[in-house]
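Working notes, beginning with the structure itself.
The values are calculated or read from the model by the stated rules, or taken from the named source; none is laboratory data. The shown structure was predicted, so the numbers you read here are calculated from the model rather than taken from an experiment. Virtual Cβ from ideal backbone geometry, glycine too; neighbours counted across all protein chains shown. The area values use the complete protein model at the heavy-atom level, side chains included, leaving out ligands, DNA and RNA. Shrake-Rupley method; radii C 1.70, N 1.55, O 1.52, S 1.80 Å.
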Amino acid sequence: MKLQQLRYIWEVAHHDLNVSATAQSLYTSQPGISKQIRLLEEELGVEVFARSGKHLTHVTKAGEAILKSAGEILRKVEGIRQMAQEFSDPKRGSLSIATTHTQARYALPPVVAGFMKQYPDVEMHLHQGSPMQIAQMAAEGSVDFAIATEALELFNDLVMLPCYRWNRCILVPKTHPLAQLKKLSLEDVAKHPIVTYVFGFTGRSKLDDAFMQKGLVPQVVFTATDADVIKTYVRLGLGIGIVAHMAYDPAADSDLVALDASHLFDASITRIGIRRGTFVRGYMYDFIEQFAPHLTRERVIEACETVSRQDVDALFQDVELPVH
C-alpha cells in the first residue's frame, strides 16, 4: 500500500468519481490513476469503487470505511509537512479559508489585506459556498478552517470559536412608509413583502424564529445568498430587504435607509471552525487573532484541546464578543 494510492482514491471520491478530472487536478495521467486504484484494490481484496464497464458508479461500503481512514492518514501526513515547514520557514506557506459571501465581502477584506502585508510569502485561498458546504470542507480537512454563522455545529469534528455578534437591519428606499416610523415592530415588517437570505444562510433561522414566536407569517417573496443581490431587488421595488447590518454601506447604499432591527431579532454569532487534530501554523494563529482579537493563541490552543463543545463554550462564557 502506497501513500500515493490513498491520495488517488481520496481525490477521485472528491471529484465525483471523475478520474479524468482527478488526473487533471493532480497533473498526472488517467490510466496511471486507474492502474494504481486497481493495484490497491487487489492488495486489499475489496473494491473501493463499484463500476459499470470502465466507469466508476459509486463508493462501496468497504470503500466508505477505507476512504475515512485514508482521509485521516492524508491529514496526518499534511500535518507533518506543515510542522516541518513551521520550523524551517515559519513565514512561508498557504492559508485556505472556506466562508460565505457575507464574510468574504464585508468582514474579511481588511483582515486579509493586513495579513497579506504582514505575511507576503503566505498564499491565501478563499473558498466561498453555503454554510453546509464550507463546514464540510473544514471537517474533511480540505481547508484550514471555516468562517460562518450557521451549519458549523452540525459537524462534531469541528472546534467552533466565537468571533463576533451581529444583527440585522431593514433596508428600504428613503420614501418608504417604514422609514417614517420612530421604532419598528415585527408587525410593521410583516405587512410588507420581504427580500432576504436563502434559508441556511447568514442567520436566516433567527429571522424565521422571531416571526414564528410572534405568530406572524412573513411575506418572503425573494431570497438570495448575496446581500448585494438583495439590495438590487429592494431598489427595484420588489420588497423591503432584511440583511446583516454589516452589509449596509452608507456611501455605496446612500439611496437606501438602514433601519435598526436589533430589537426585533436575536443576535447571531459568527464562528471559526477548525478541525480537531489540525496542525495550526503560527501565521494561522495570527490571522485568527487579527479577525477576532479575543482569540489569542493561548485561547485557541486551549479550545482545541477540549473534549466537548460544551467545554469550548465554557471557555468563552465570560468573554464579551465584539459587535459588527
(request) Please go through region 84-131 and pick out each residue that is in contact with a Ser or Thr (Cβ under 9 Å, 6 or more places away or on another chain) and assigned to a helix (DSSP H, G or I). (result) His101, Thr102, Gln103, Ala107, Pro131
(request) Within region 135-193, track down each residue that is of a type in the set (D, E, K, R) and assigned to a strand (DSSP E or B). (result) Arg165, Arg168
(request) Consider only pairs whose beta carbons are under 7 Å apart and that are at least six residues apart or on different chains; among these, list those whose first residue lies in region 293-314 and is on the phi < 0 side of the Ramachandran plot and whose second residue is exposed (fewer than 15 other Cβ atoms within 10 Å of the Cβ) and not aliphatic (A, V, I, L, M). (result) Cys304/Arg276
(message) Return the pair list, or none, for Cβ contacts closer than 8 Å from residues in region 102-124 that are closer than 10 Å to Gln290 by Cβ to residues that are open to solvent by 20 Å² or more (accessible area, probe 1.4 Å) and in a helix (DSSP H, G or I), at least 6 apart or on different chains.
(response) Val111/Gln290; Gly114/Gln290; Phe115/Asp286; Phe115/Gln290; Gln118/Asp286
(request) Find the residue count for region 152-202, including only residues that are under 16 Å from Met246 (Cβ atoms) and loosely packed, with under 14 Cβ neighbours inside 10 Å. (result) 0
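For Phe265, are the conditions met, namely being open to solvent by less than 50 Å² (accessible area, probe 1.4 Å), at pLDDT 95 or above and touching a helix residue (DSSP H, G or I) at 6+ places or on another chain (Cβ under 6 Å)? Quick ask: steps written out before the conclusion?
Numbers: open to solvent by less than 50 Å² (accessible area, probe 1.4 Å): yes; at pLDDT 95 or above: no; touching a helix residue (DSSP H, G or I) at 6+ places or on another chain (Cβ under 6 Å): yes.
Taking the combined requirement at face value, the residue does not satisfy it.
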